[in-house]
Structures are given as C-alpha cells and as structure tokens.
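The values are calculated or read from the model by the stated rules, or taken from the named source; none is laboratory data. Every value quoted in this text rests on a predicted model; they were computed, and no experiment measured them. As a convention, Cβ positions derive from the backbone with ideal geometry for all residues, glycine included, and neighbour counts pool all protein chains shown. For the accessible areas, the whole protein counts, side chains as well, though only heavy atoms, and no ligand, DNA or RNA atoms are used. Shrake-Rupley method; radii C 1.70, N 1.55, O 1.52, S 1.80 Å.
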Amino acid sequence: MDKHYQPSLEPDIYQLWLDKKVFTPKINPKRKPFTIILPLPNANDPMHMGHAMFTIEDILCRYHRMLGDPTLWLPGADHAGIETQFVFEKKLAQNGKSRFDYDRQTLYKMIWDYVEKNRKINQFQLKELGFSLDWTRYHYSLEPKIIEQVLATFRKLHADKLLYRGERIVNYCTHCGTAFSELEIDHVEKDDFLYYLDYGPIQIATTRPETIFADVAVAVNPQDKKYKKLIGQQAIVPLMSKTIPIIADDLVDINFGTGALKITPAHDTTDFEIGQKHKLPTISCIELSGKMTNTIDGINGLYPKQARIKTLEMLEKQGKLIKTTPLHHTVGICYRCKNTIEPLPVPQWYVKTKPLAKPVIDSIKKEDTEVFPKRFKKTYLDWMENIHDWNISRQIVWGPQIPAWYCLDCHPDIQLNFIDKNGNIVSGKYQDIKEKYSFEDIKKGLQTLNAPVSSKYFLENTDNSCPHCSGHHILQETDTFDTWFLSGQWPLTTLGFNVVDPKKSSPDFNYFYPTSVLDTLWDILFFWVGRMMIFGFYLTGKTPFKMIHLHAKVVDEKGQKMSKSKGNVINPSDTVKQSGADALRLALVYGVAPASNIALSQDKIKAQSHFVNKIWNASRFALMTLDRFPKASFTLPKKLHPDDQKIIKKLNKLITSVTSDIEKYRFGQASENLYQFFWHQFCDSYLESIKNKGATAIPVLMHLLITQLKLLHPFAPFVTEAVYQQLPPIFTKKQPILATASWPSPIHEKTQKS
RNA sequence: GAACUUGUAGCUCAGUUGGCUAGAGCGCAUCGUUGACAUCGAUGAGGUCGGAGGUUCGAGUCCUCUCAAGUUCACCA
C-alpha cells in the first residue's frame, strides 16, 4: 500500500462496482425497494457544485443498499429546452449567426449534435464523484420512448378537458422570442417615471406612454367621488384624437396617480382582466418582434424604448404631458436574458392546474408526501393553493413539438414565417403567400407558425390529411413543450409507466414506484417537484415520492453564491482530480446542518482530504500489524478485556447514532461523529494503545476497522472500498464488495450491560 | 406589502426533543517526531452563544420584543 491515499485509484474502484453490477438492483417482491430518481441534470451543462450535492442521494442509496434493500438510483439527462437553446444561440451569435438564419429542422439538428457531446461529459462526471447510479437504466429526455409517453399525456389531458388553447396576456420575451410561465419571470426594482397625461375630461397616469395607441378605455374606481360624474362619458387619447369610454372597475386604486387608469388590454395583465370583464376589444401596438405597430407615423417600427421617448416628445409638443414624477416600482424581466418582459396577447397552450393540484394539496396536508425541512411545507402549499393555469408552450425549437396540426386550407389566416429557397425570411398569412410559394417550400423552410386562437386543430395525424377538408396542406404546431412538462413526468416515464394503458406498465414501474425520496435544491420546488406531483397523481393516483428532501445551495466561505463573475467557483471535477471524490463529498456534508447553506472552501476540502488519508493510513497500519502476526486468531473472544469492552461500547454507540442520523437526514452530524471517532478514538487513542500489544489485539482491531469502513462507506465510498479490497480474504470472503456488504449493528450488547 | 431563514471562537460552521465544564476544521502559539500518517502527535490561547426581557431547578436550545443580514412570494398602472 502506498504511503498516501492516491485519488488516481478511484476510477478502478468505480469500474469494479460496475463490473460486479452492484448498482443494478434485482426486483425482489419480498423486500421493499429503495428508489431515488436523480434530478436529471441539464445534458448540456458541465458539472457544478449543485450536482455534487447528489452526494446526499448517494449516501442514502449506499446506506440502503448495505441494509439489503433492492436499491435503484436512476440516472438521466434533460435536454432543458430554453436553457440549452439560449446557450446555443449565444454560440451562434459569436459566429455572427442567429436562429433566424435556419429553418427549424436544421436548427434542431445543430443543437442536438452540440448537446450530444456534452451529454457524455456529464455522465463521466457523475461517475467521477462515485455516484452509485444504475447506468443500465439511464434515460435521456428526448428518447423516443420518453417522448411517446409525454405526448400521450398531452392527449389524455386534452381528452379530459384539462388542456386548452387560449389567448391571454403572456410573459413574452421579445429577445428570446418566446413566452414564459410566471415562474420564469424575475422581478427587479427599477426607478422609472410616472407620466400624467391629458385625456380630455380626465387625466391619467402611466409608466408606459408608448402604449397609449392601444388604449380602449379609461377606468376609475366606482367609489371614487371625484370621477363619479365622468363614468359613461368619453375620454380622448392624445396624438390619435381617438375617443374611448370612461368605465368603472374596482381594480383601480383610487390613490395611485390620478386615480384614473388607461386600459390597454393587449399590454398589461390587469388591463386585460378589466378588458375581458367589460368586453372591450384587445388592440395590440407591439408585435412579437418587439416593434411598435398600429400606432402613428414616426412611432411604427420603433422599439418601445425609443417609442417612449418619441411619444413623450410629441405629447409635450401638444401640451398633453402634464407632469412627470419619479416612480420606484418592480418590472418583470426574462430570467435568461434579463430583458424586460413584454406582456403580449399570444395564443398559447394551457393546462388547467386547479383540479390537478387538489390531490397534491391533500397528500401534502395528510403527510402522505412528507416535506423536509418542514418549513417548506407551508410555502409549497401556498403555491399549490394559488396555482394558475400553466402555459406549457414555448416558441423555441429545442424540444418536442406540441402534437397538434392545423390545416392551412381551412385556416388561410395562419401566419407563417419561413426561409425561402434563396435563404430569405418570408413572413405572411398563408392566403397572401400561397400563390408565390409552394406548400412544400414553406414546410421545408418553416420557422414558426402562428395560428389565431380560433383555429381548429387536430391531435391525431396518421395520414397527413385534414379531417375536415381532407386537404394535405397541414402543418404541425411549431410551439414546443415547456421543459417541465417533460421532466414533470420523469419518475413515470423513466420507470416505464404506460399512459394509455397503465396495466401495461413495466415491472420496474410496478415495483419501484412510488419512489422513496426526492432530493433537490429548493429552487425548483415549484418548477419541478410541484409538476411531478401533479402528473404523478393525475396519471397514477399516487404520489411520485414519499419524501421530498430539500437541501440548500452551495456557497463560498463568505456565504456568497458561486458564480463565474465573482471568481469564487470551485469546480467539482478539478477538485476530484486534486483531492479525490471522497474529500469533496465529505466536505459537502461534514458539519452542515440540514437545509442550511453549504459553505464550501478549499480549506474544508483540504481538511477532509487529510481525513481520507487518515483512513488510508490507519488501515495501512492495521494491515501491517496483521502481517506481523500471520498466525493470529481473527475471531472475537466471548469475554473481552475491559479496555476492549470500552471501545466496543463506544463503537456500538457510534453505529446507533450514525444509523439514526442517516435515517433522519442529519448527514452533517453523522459525518462529524464518524470523523471524531475514527481520528481521535480509534487512531489517537486505540491504535496507540495496541502498539505494545501482540497478536491478541488483532480481533478487536479488525472489528473496529471493518465496522468503521462500513459506516464510512456511504460518505467516502472510494477509500473505504479501496482499503476493503486490500483486506485478507478471510475478512471479505462472504462479502467481497464493501458497497454491498451488510450494514453493521451493535455487538456484545450483553457483555456491555453486565 | 407578506412570508421565511440566519446571527455561537480571527474565518467557515456543528450543537436532534432545554442538562454544556459550549465543540470541529482552518488559522495562531509552544513542544515533539528516523517504522501507519508532517496530509502526523501533544499542549495551549481564543466565546458573558446579536441585544433586552420572560418561562424554568436549569436556556445557545422555548416565548415576547428589538437590532442586523439574507432569501422567497405578491397584479399596483
């Protein structure tokens, strides 16, 4: 054995586990399984410390495997729709290209190839950290089998009337060219101005003067005495000299601005709501591209930012701008590109979530699904109880397309964007361009289509013909699924659930579902955990996991988030190469309170790599002692020496506490106790004490060592297995691999009591 | 605006249901070490556990208030 622990031996140990198939469980109806589905990493992302936190799951899995439970930890990777397309587009931009230079098929293929490379790296890095994942059950979110089930769920939702296409105000990022769900919007505080404008008989206050062109009414609060007389009269939109009605609605805040609100249903959610209530038209003055339209000369074609300046100039010239006051408020920005979100009316696909959330709420309340730590339960319930319909469509190419088809002959008003033979972008309604371009050319170069919300669609397309007119000019919806629509079904799809006929689900599904624990960072509690539960209950009537365990994020030693710009990132892969996976794993759990931030520093990693080395060297010492006494007995005597009794008693206590700490998710405490015992009790005290003893020390020495190797194994799998493999066969004959050796239990309890 | 979390040695943090003479790692000081390990050992300095009040035989641990830091949620034009 080497004088120091060498992390370079880790790959061989991992290979040993793979060769012996220790991570691949066998279905055993007599035993309850232990199952964790790995929170599928973004296939395109290199590993960061967030991924290294899978250590918690590995500890649980390795512990249960040693208990003898058929243990499945199922790995996978996510195509991560918007995230990945965004990264890819940045790459395109570096080469002076954009997504608009390609038709959707070409773009999709390019992203696919790009992701494939990184997906392999991702897998390799998970292995580097020693994660005991069952690679024979690996899945990728864009596998045909996975997609097939996801599409089936879409159809089932539709059949159950839980899915609809609707035109509402959505959070649209004109830069990313797609709508987002509410969860994907960040809010930032901003210093802006509130502009008071003259609307004839009434004055209004607005932050967005550039949208006055799409005004359809002015609303006041019915309780507002100063405006009572004006209700029912007409206001005049400046610059356009358009008259619009003055209406009353209690959503208007009397004390804000002038107490009168201009109603622009197309560009504000509150306005849209009021507009719907009062049956007002929705006029849009901003296109999906983000440019102004339907306004007046000088404004059309501008982006809102310039349009605002220009509009204000014009208003001022005409004396319609009464005053300007500063305003501190919050605006929504795109979580990806940080541009201001433009609320726009766009047809989107929605899932009715209220009825779906009900069983989830019940299950959480009854604690059929437990939440750890408990404090998140309230937050989670609050969200579930106030859930809004879920926009599941995204206007990007990277992901499965929504399986709905439109007939262009039935709906010639469908808007099309495509690249023609010469590589030019063509936009227009089908009726206006069909003479000039063949359907085949349109289809081949298609980027997006935009069907009015009234368009009929069909969900089964077997023979490429329209069920109404039998025509063949049909196109598939170009919207793709929100990534979470796929990953929300991950526990079901990866285990082999059959949506159409649940009875035909795979044996894996029948055995391993519901899974035992779902561990993740709390930031995707709503995004992912919530959706998985919704789908779990909807499709199977059961919770997808019995326990939701939330861990905190990894921060640097100053408590700051790790980020490239701060330069405080510790890369897991580099750390593994330098100090070994065990050191990193221990550093991530050692002394960390459940669900508190995990402060990681090079110091902490160093400390734990010293510990790993200590395990190695103490074991080396034990083995050298064995060599000195080749004829020594290995069996523990019935009657122990009082000193031995003492240490065995302490060891028993350690076994009990570590076991219970793991059961209660107190990994920080467990690792701390293991560290303290191994280093100070075992090494500093016990090993020193036996240096003068002879062969008689061997049985207790080996018992102490092997028991501790077992207890340490879930935390530091590599060094413990490496040492275990060095032990003489007499110790390992029955259980040749530590990873599947049995979890220790206290011994000599009777001796202790007497 | 609402909710939640955190505040313990120089630094980063443990401390489960109240029993602690308050711990660890790193750092610091002094000494030691040719055979398990200098990625080591021994000894030590360093804290009135953010502040104030309360419950209790007993509080870092429970309650109230207060100060500070942070996070999340919310339709305010």
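Based on the alpha carbons, how large is the Rg to Rh ratio for chain A when Rh follows Kirkwood? Could the numbers behind the result be given before it?
Numbers: Rg = 32.1 Å, Rh = 29.9 Å.
Taking Rg over the Kirkwood Rh, I get 1.07.
Over its Cα atoms, what ratio of radius of gyration to 2.2 N^0.38 Å does the range A:499-622 give?
On the way: Rg = 19.9 Å, N = 124, 2.2 N^0.38 = 13.7 Å.
Expressed relative to 2.2 N^0.38 Å, the Cα Rg reads 1.45.
Can you sort A:GLU557, A:GLU83, A:GLU287, A:GLU128 by 1.4 Å-probe accessible area, starting with the largest? Before the final figure, lay out each step's value.
Details: A:GLU557 130, A:GLU83 60, A:GLU287 80, A:GLU128 30 Å².
Largest accessible area first, the residues go A:GLU557, A:GLU287, A:GLU83, A:GLU128.
Sorted by accessible area with a 1.4 angstrom probe, largest first, how do A:ILE202, A:ILE747 fall? Before the final figure, lay out the partial values.
On the way: A:ILE202 0, A:ILE747 40 Å².
Result of the area sort, largest leading: A:ILE747, A:ILE202.
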- [ ] Straight distance only, please: which lysines reach the Cα of A:LYS366 with their own Cα at less than 20 Å, same-chain residues fewer than 8 apart left out?
- [x] A:LYS354, A:LYS358, A:LYS374, A:LYS377, A:LYS378, A:LYS542, A:LYS546, A:LYS664
- [ ] Quick one: accessible surface of A:THR483, probe radius 1.4 Å, all protein chains present, in square angstrom to the nearest 10.
- [x] 20
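What do you get for chymotrypsin sites (Phe, Trp or Tyr not before Pro) in the range A:207-291 restricted to DSSP loop and a cutoff of at most 16 other Cβ within 10 Å of the site's Cβ? Mind dumping the intermediate values first?
Values: sites: A:PHE213, A:TYR227, A:PHE256, A:PHE272; in loops: A:PHE256.
Loop-located and lightly packed - A:PHE256.
May I ask for the percentage of alpha-carbon pairs in the range A:643-685 that lie more than 14 Å from each other?
On the way: 435 of 903 pairs.
More than 14 Å apart: 48 percent of the Cα pairs in the range A:643-685.
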TODO: For A:LYS242, list long-range residues whose amide hydrogen, built 1.01 Å from N in the peptide plane, is under 5 Å from its own amide hydrogen.
DONE: A:VAL237
Open item on the list: Can you give me the angle between helix A:375-385 and the longest principal axis of chain A, using Cα atoms only, in degrees from 0 to 90, rounded to the nearest 10?
Closed with: 30
Task: In degrees, nearest ten, helix A:104-128 long axis to first principal axis of chain A (Cα) - done: 20
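Using DSSP to define loop residues, name the trypsin sites (Lys or Arg not before Pro) in the range A:464-567 whose beta-carbon has at most 16 other beta-carbon atoms within 10 Å. Could the numbers behind the result be given before it?
Numbers: sites: A:LYS503, A:LYS504, A:ARG531, A:LYS542, A:LYS546, A:LYS553, A:LYS558, A:LYS561, A:LYS564, A:LYS566; in loops: A:LYS542, A:LYS553, A:LYS558.
The qualifying sites are A:LYS542, A:LYS553, A:LYS558.
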- [ ] Give me the distance between the Cα centres of the range A:199-265 and the range A:656-719, rounded to whole Å.
- [x] 75
- [ ] Using amide H atoms built 1.01 Å from N in the peptide plane, name the residues 5+ places from A:PHE545, or on other chains, whose amide H lies under 5 Å from its own.
- [x] A:THR515
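Using a 1.4 angstrom probe on heavy atoms only, work out the carbon and sulfur share of the accessible area of chain A in %. Before the final figure, lay out the partial values.
Numbers: 17370 of 33450 Å².
Carbon plus sulfur share of accessible area: 52 percent.
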Task: Sites A:GLU663 and A:GLN234, calculated FRET efficiency, Cβ-Cβ separation with R0 60 Å, nearest 0.05 - done: 0.25
Task: Point-to-point label distance, A:LYS365-A:ASN424, nm (Cα→Cβ direction, 7 Å offset) - done: 6.2
Task: Three-way shape label, the range A:530-684, alpha-carbon gyration tensor, a/c 1.5 - done: oblate
Task: Sequence-distant residues sharing a close amide H with A:LEU194 (under 5 Å, placed H) - done: A:THR325, A:LEU327
- [ ] Specify, per residue and in Å³, the volume enclosed by the convex hull of the alpha carbon atoms belonging to the range A:316-458.
- [x] 261
Open item on the list: I'd like the Karplus ³J(HN,Hα) series for the range A:520-535: coefficients 6.51, -1.76, 1.60, θ = phi - 60°, whole numbers in Hz, and an x wherever there's a Gly or Pro.
Closed with: 7, 6, 5, 5, 10, 4, 7, 3, 9, 4, x, 5, 4, 5, 4, 5
Task: Quarter of Cα convex hull surface for the range A:393-495, i.e. mean projection, nm² - done: 7.5
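Please report, in debye to the nearest 20, how large the charge dipole of chain A is about its Cα centre when each Lys and Arg carries +1 at its beta carbon and each Asp and Glu carries -1 there. Mind showing how you got there, number by number?
Values: 95 positive and 80 negative charges, 541 e Å.
With only Lys, Arg, Asp and Glu charged at Cβ, the dipole is about 2600 debye.
Sorted by average packing, counted as other Cβ atoms within 10 angstrom per residue and highest first, what order do A:490-498, A:10-18, A:630-638 take? Present the calculation step by step, with values, prior to reporting the outcome.
Working: A:490-498: 24.3, A:10-18: 16.7, A:630-638: 10.8.
Result, highest mean first: A:490-498, A:10-18, A:630-638.
Solvent-accessible area per residue for the range A:1-143 at a 1.4 Å probe radius, Å²?
Values: 6110 Å² over 143 residues.
Counting only protein heavy atoms, the per-residue value for the range A:1-143 is 43 Å².
Between A:LYS638 and A:HIS329, what FRET efficiency comes out of the Förster formula 1/(1 + (r/R0)^6) with R0 = 51 Å and r the beta carbon distance, rounded to 0.05?
Details: r = 79 Å, r/R0 = 1.54.
Once rounded, the FRET efficiency stands at 0.05.
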TODO: Compute the acute angle (0 to 90°) between the alpha-carbon long axis of helix A:698-712 and the principal axis of greatest extent of the alpha-carbon atoms of chain A; round to the nearest 10°.
DONE: 0
TODO: Run the 1.4 Å probe and let me know the accessible area of A:VAL87, rounded to the nearest 10 Å².
DONE: 50
Open item on the list: Could you tell me the relative contact order of the range A:251-356? Use alpha-carbon pairs under 8 Å, at least six residues apart, and round to a whole percent.
Closed with: 19
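Restricting to DSSP loop positions (anything but H, G, I, E, B) with no more than 16 other Cβ atoms inside 10 Å of their own Cβ, which trypsin sites (Lys or Arg not before Pro) remain in the range A:45-116?
Values: sites: A:ARG62, A:ARG65, A:LYS90, A:LYS91, A:LYS97, A:ARG99, A:ARG104, A:LYS109; in loops: A:LYS97.
Sparse-neighbourhood loop trypsin sites (Lys or Arg not before Pro): A:LYS97.
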Open item on the list: I need two numbers for the range A:81-177: Rg to one decimal and Dmax as a whole number, Cα atoms only, in Å.
Closed with: 17.9, 49
Open item on the list: I need the P(r) histogram for the range A:155-230: all alpha carbon pairs, bin width 10 Å from 0 out to the longest distance, whole percents.
Closed with: 12, 26, 30, 20, 10, 1
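Sum -39500 (n - 2.57) across every DSSP H segment of at least 4 residues in chain A, then divide by the residue count to get the 222 nm mean residue ellipticity, nearest 500. Each step should come with its number before you reach the end.
Details: 25 runs with 276 residues, N = 754.
-11000 deg cm²/dmol, from helical runs alone.
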- [ ] Label the range A:596-683 by shape, choosing from rounded, prolate and oblate, from the square roots a ≥ b ≥ c of the eigenvalues of the Cα gyration tensor; if a/c is under 1.5 it is rounded, and otherwise prolate applies when a/b is larger than b/c, oblate when it is not.
- [x] oblate
Open item on the list: Among DSSP bridges having both ends in chain A, what percentage is antiparallel? Round to the nearest 5.
Closed with: 75
Task: Pair-distance profile P(r), taking every C-alpha pair of the range A:618-668, with 10 angstrom steps and integer % - done: 20, 30, 34, 15, 1
TODO: Pull out a ≥ b ≥ c, the square roots of the eigenvalues of the alpha-carbon gyration tensor of the range A:666-754, then state rounded if a/c is under 1.5, prolate if not and a/b is larger than b/c, and oblate in the remaining case.
DONE: rounded
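How many Å² of accessible area per residue for the range A:351-484, probe 1.4 Å? Please list the in-between numbers first.
On the way: 6350 Å² over 134 residues.
In whole numbers, the range A:351-484 has 47 Å² accessible per residue.
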